[in-house]
1. Regarding segment B:124-273, what whole-number volume in Å³ per residue does the convex hull of its Cα atoms give?
2. Using the Cα centre as the reference, give the magnitude of the dipole from point charges on the C-beta atoms of segment B:135-239 (Lys, Arg: +1; Asp, Glu: -1; all else neutral), rounded to the nearest 20 debye.
3. Can you check how the C-alpha radius of gyration of segment B:72-138 compares to 2.2 N^0.38 Å, as a plain ratio?
4. Separation between the B:His104 and A:Asp353 pseudo-spin-labels, each 7 Å from Cα along Cα→Cβ, expressed in nm?
5. Using the number of other C-beta atoms within 10 angstrom as an exposure proxy, rank B:Met5, A:Met351 with the fewest first.
6. Given B:Val38, B:Cys233, B:Ile64, which one lies farthest toward the positive end of the charge dipole of the protein assembly as shown, if we put +1 on the Cβ of every Lys and Arg and -1 on the Cβ of every Asp and Glu?
7. Using a 7 Å offset from the Cα along the Cα-to-Cβ direction at both B:Arg293 and A:Thr13, what is the distance between the two label points in nm, to one decimal?
8. In the Gaussian network model of chain A, springs joining C-alpha atoms below 10 Å, which of A:Gly70, A:Gly179, A:Gly28 carries the largest mean-square fluctuation?
Amino acid sequence: MTERVTATTTPYTIGRPPFRPGDEADFGGKFKEQPGDLNRPDPLSCSAQDTVDHAVGLVRVLDDNGIASGEWDPNLDAETLIQGLEYMMRLRIFDDRMIKMQRTGKLSFYMRSFGEEAIAIAQTMALETQDWIFPSYRQPGAQFVRGRDMVSMICHCIGNTEDNVKGRQMPVHYTWKEGRFISISSPVGTQFSQAVGVAMASAYKGDDEVCISWLGDGTSAQGDYHYALNFASTFKPPVILNVVNNQWAISTHANLATGGRTFAERGLAYDIPSIRVDGNDFLALYSVTKWARDRGAAGLGATHIEVYTYRAGAHSSSDDPSAYRPNNEFECWPGGDPIQRLKEHLIKNEMWDEERDAALAQKIDDEVMTSYKAACEFGDLASGPYPPASTIFTEVYETVPWHVQEQREELGK
Amino acid sequence: MMADMNMIKALNSALEVQLEKDPNIVIFGEDVGFFGGVFRVTDGLQKKFGEHRVFDSPLAEGGIAAIAMGMGLNGLRPVAEIQFADYIFPAYDQIVNEIAKVRHRSGGEFTAPLTFRTPAGGGIKGGHHHSQSPEAQFTHTPGLKVVYCSTPYNAKGLLTAAIECNDPVIFFEPKRCYRGPFYGDPHNVPTWSNHPDAEVPEGHFVVPLEEARVVREGEACTVIAWGTMVHVCEQAIKDSGVDCELIDLQTLVPWDRDTVVNSIKKTGRCVIVHEAPKTSGFGAEMSASIQERCFYHLEAPITRVTGWDTPFPHTTEWDYLPSPERIAAAIKKTQEE
C-alpha cells in the first residue's frame, strides 16, 4: 500500500492526500504486488488468521500486461468474459449519456461509476440471482447484470411518470425489487448493517441466499460500518461486506479515513476472513467474490473485502475535483482502467479484437440513445410531465391516515 | 465597514472573525478543510488559520458530535459542520442525550459550548435526504438553543452570537437562500446583490439570540416564519394585499415572546409558516403558546401553512413546500372571521 501522508504531529496529526492540485502525481510506477503472490485458501476451512497476508497485500489475477495467472484465476470461459466486458462498456456509455442529460437540465443530478465499473459487475456476476444487493453510490451497474431495463433506469433518474419510485428520490437512488436491489441512501453507510440483517433472515429461514453490500473508504468511518462487522462477526450470517477504497470521499482522502492500516485489516480484528483485492481487475474481483459466496453459502459467515480502486471522476455532478487533487492523478495511478485491462486480456487471448470492440461500443451507444429517447417520451426534468402530486401522499403508510388525506385534499391535486 | 455579501460569504466572514478573535475556536466537518465545504462556507479558512484549526473530519456525524463535545468540555469552542441537516441523525444520540444535558447532568460542573452549523431545507431538488428541515427534532430537546438564519446580515450576526454563547447551539442555514432570497418561484431566483440585508459589517457584530426580527410592520395579521419561508411569506403578503406584520423568528429556542405576543395582541390574527411537516412541527408549539397568551385577543383561528406530513419529494417539491399561493390564501382566510 502507499505510505500514509500526514501533517506535523503537533498538536495532533492530520491525514493528508499524497498530492494536491499543482503537485506532480507520482505513485512510484507499477503495483509491487503481483498475481501469484497470494495463495487461494480453501474457502471451506479458511479462518481469519489464514488471510492476514491477503488483508495486507493485494489479490491480483491480471498483471500489467493483461496476462492472467495465479491460484486466484477463475478460469472463466470467453462467453462470460465478453459478457463482463459488455456490461462494463454499457455502464460507462450509459453514465456518459446521463451526465450529458444532467448538463442539459434533463436530470437534476448524477453520479458516474467511472473507473470503478468492474466492481459491481464482476462481483454481481459471481453471485447467484437470488442473492441480495445493498449498494453504495457506485454500484448501479449490478442492475445491468440482473437484466434491468435501461429505459426504466433512465425514467428513475429523470423522475418522470414512469419512475418506479414515483419521482420521490434523487437520481441514481435506484430501487428494484425484482433484482433484489435496495435503494442507496444519501446518509451514507446505513445499508451495511442492514445487509447483515438481511443475511441473518436468510440464515433463519434456511434459504440459499447471500447478501452483498458495499460502502466507501470514507463511509467506513460511520458507526454502521462497525456495527455491521461486529454483528457479522458474532452471528456469522452469509454476507459479503466490501469497503470500496477509491481513495476519495468527495474531497477527503482515504488518509483521513484510516490511521494507517489497510481497510481489509480491520476485518481481522473482528475475526472475519479479510481480503484486499485489485478493484480494477475483473478476474480478481470475480474470483474473490465467488470465494466469499462459497463461504457464506456453506454457513461459514461473513467475508470482509477491501476493493482497492480509484474514483476516476468527480464525486457527483455537483463536485469539481480539480479544486482538491491533480487532474491527471487517475492516469498516474497504477491500477489503470478496468475496461481497458479486461479488453487487453481478451485480445491477448484471441477472444476479442478491436473491430468487434468498436462494433459493440456502437451497438451499446445506439441502445443507450434509443433508451434515452424512449425514457424522455415519459417526461424529462426540464419540461415534464412529472408524477402527479398525489404521489407525495401515498405509500407514506400502508393506508392513508385522515390527517394526510386532509392535506392531500388541501393541495387539491 | 460594510460589504455586499451573499449568505455564504457572510457565514464565512463570521467564522473568520471568530477564528481571529478566539484561539480556542476550531472548525471541522466533512470536506470543510482544504476544499472549504461543499457549499464553500469555510472557503479559505484552512489556508489562513492552518490545518489544526480548520480541518476535514472522517465521515461520521456521530463522531463529529462526540468529538465536538469532548473539545467543548476541555476548553475549546468547536464549530462543527454537519454537511446536510438530513445527515445529523447519526449524531442525534450525542446531541440529545449528551451535549444537551451535560450542564444539567453534571450539576453545572461541566458545559460544552459548541455550535453545529448545518444547511437545511428544500428547494434544491435534493429529494428525501438533502431537503429536510429538522428544527423541531431539536427544539423538543431542553438544553439546546436552536437558531435559523434567513439573510446574509442575520446569518453573520446570529452565527457570531451562537459561537459566543456558552450553551450548545444548533444553527440551521437555509441552503436555498445561500446565494439569493427565494420568493417561491423556482423560475425566477434573484441573487443577494443589491438586497438591503446583503449589506453586512465586515467586522465583529452580533444579532442577539432570543430576538425576533420584524421584517415588515402591519396591522391586520401576524405572519411568523423562519429560514427560506421568511422570503416566501414576503411574496405571499404582497400577493394577498393584506396589511400583515411579518416576524422572522430567528431563534426558535428560546423564542422572542414579547415581539410575538405584542404583535398578535395588535393584529388579533396569526399565520405560522414552516417547511417541515405539520405534525409536531415547531408551528404547533408556537400556536399553542400564542393561544395560551393571546386567547382573548384572537379574532380568528391560528393557522399553520407547512410542508405535508410526508417525506420530502424530489420531482414534486414545489407541491410540497408552502407556496406564496397557499400562504396568501391562509392570510386572506384570517380576514374573513
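Each reported figure results from applying straightforward, stated rules to the coordinates on display, with no laboratory input. None of these values were measured; they are calculated from a predicted model. Because the Cβ atoms are built from the backbone with ideal geometry, glycine has one as well, and the counts that use them run over all protein chains shown.
1. Roughly 122 Å³ of hull volume per residue.
2. Magnitude of the dipole: close to 280 debye.
3. 1.28
4. A separation of 7.9 nm, rounded to one decimal place.
5. A:Met351, B:Met5
6. The residue sitting farthest along the positive end of the dipole is B:Cys233.
7. 5.4 nm
8. A:Gly28
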